[in-house]
1. So, VAL209, is that one within 14 Å of TYR133 (Cβ to Cβ) and of a type in the set (Val, Ile, Thr) or not?
2. Tally time: how many residues in the stretch 1-34 are buried (at least 18 other Cβ atoms within 10 Å of the Cβ), in contact with a strand residue (DSSP E or B) (Cβ under 7 Å, 6 or more places away or on another chain) and farther than 19 Å from PRO66 by Cβ?
3. Can you name every one of the helices (runs of 4 or more DSSP H) wholly within the stretch 151-258 that holds 3 or more residues which are aliphatic (A, V, I, L, M), at pLDDT below 95 and out of contact with any His (no Cβ under 8 Å at 6 or more places or on another chain)?
4. Does at least one position in the stretch 237-248 carry a residue that is of a type in the set (Ser, Thr, Tyr) and either over 13 Å from the mean Cα position of the chain (by Cα) or closer than 23 Å to SER25 by Cβ (or both)?
5. Quick one: VAL222 ticks every box in (1) in contact (Cβ under 8 Å) with a residue 40 or more places away in the chain; (2) buried (at least 20 other Cβ atoms within 10 Å of the Cβ) except a single one, so which number is it?
6. Within the stretch 185-193, does at least one residue satisfy the condition of being within 23 Å of ILE101 (Cα to Cα) and among the aliphatic types (A, V, I, L, M)?
7. When only residues in the stretch 171-192 that are β-branched (Val, Ile, Thr) and either surrounded by 15 or more Cβ atoms within 10 Å (Cβ to Cβ) or free of Cβ contacts under 8 Å to residues at least 60 places away in the same chain (or both) count, which is farthest from THR219 (Cα to Cα)?
8. Which residues, counting only those in the stretch 41-63, are surrounded by fewer than 16 Cβ atoms within 10 Å (Cβ to Cβ), among the charged types (D, E, K, R) and not in a helix (DSSP H, G or I)?
Amino acid sequence: MTETWRNRIFCEDALRGMERIPDASVDLLLADPPYGLGKDYGNDSDKLESAAYLEWMTQWVDAALPKLKPNGSLYIFLTWRYSPEVFVMLKQRMTMLNEIIWDRRVPSMGGTVRRYSSVHDTIGFFAKAKDYYFDLDAIRIPYDAATKKARSRKIFEGAKWLELGFNPKDVWSVSRLHREHAEREDHPTQKPLEIIERMIKASCPPGGVVFDPFMGSGTTAVAAQRCGRDYVGFELNPDYCAMIEKRLAAGLTHELSA
């Protein structure tokens, strides 16, 4: 039977549409939900009061987690305002592996004068079971020439870690997408492909499925396509749905012409 839900973006509320996805069918759940900051996504999805927001977070998490395979995992983008509560909720359901700090490389200018300026996002990395899929070699960062030269003594010959590179740390310094950036779309909280592709390469096997309940500008789908994985997701805003289809079509056209 054809799996009509794979490689699809459904333009509807994820809570209503998740029944389309069979249980235990996706390898990676990658979620970038509204942060509860009142952002304008063309609807009121980010305008809930604190208690209602946390209740909604629990609702969609409980609906989404059964879609993961037994060795599946989750990355979730959050703000410092709600990450403590959401992490506690998730730790009752999964094993927390990392708290990743995304340093957005925001210039030191302007901002508040009554507290420290917030220049990072918080990312939680969770797994369902101890045998979760994780491919470190796919995301290693190469050592520079100076480091390799300094480790050229005989005792380092054949060292896998020296040839393949080192494990990314839990602070990721990746610039946010400026208005002039080639990737930038008309979306207020678009995430860089570099970050999403790292997550997919590490935590979704080739040919596997990435599920994003809040597709936004579609970066998860584009990254999955570029990495040879399938995707499925939901997006409320019809304009964003059209944006995603355009980005996916452009990526496919590029692949065919390469």
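1. So VAL209 passes the test.
2. The number of residues fulfilling the criteria is 2.
3. Result: 238-257.
4. Yes: one or more hits.
5. That leaves (1) as the condition not met.
6. yes
7. Per the stated criteria, the residue is VAL174.
8. ASP44, LYS47, GLU49
The values are calculated or read from the model by the stated rules, or taken from the named source; none is laboratory data. Small disclaimer: the values here were computed from a predicted structure and weren't measured. All Cβ positions, glycine included, derive from the backbone under ideal geometry; neighbour counts span all protein chains shown.
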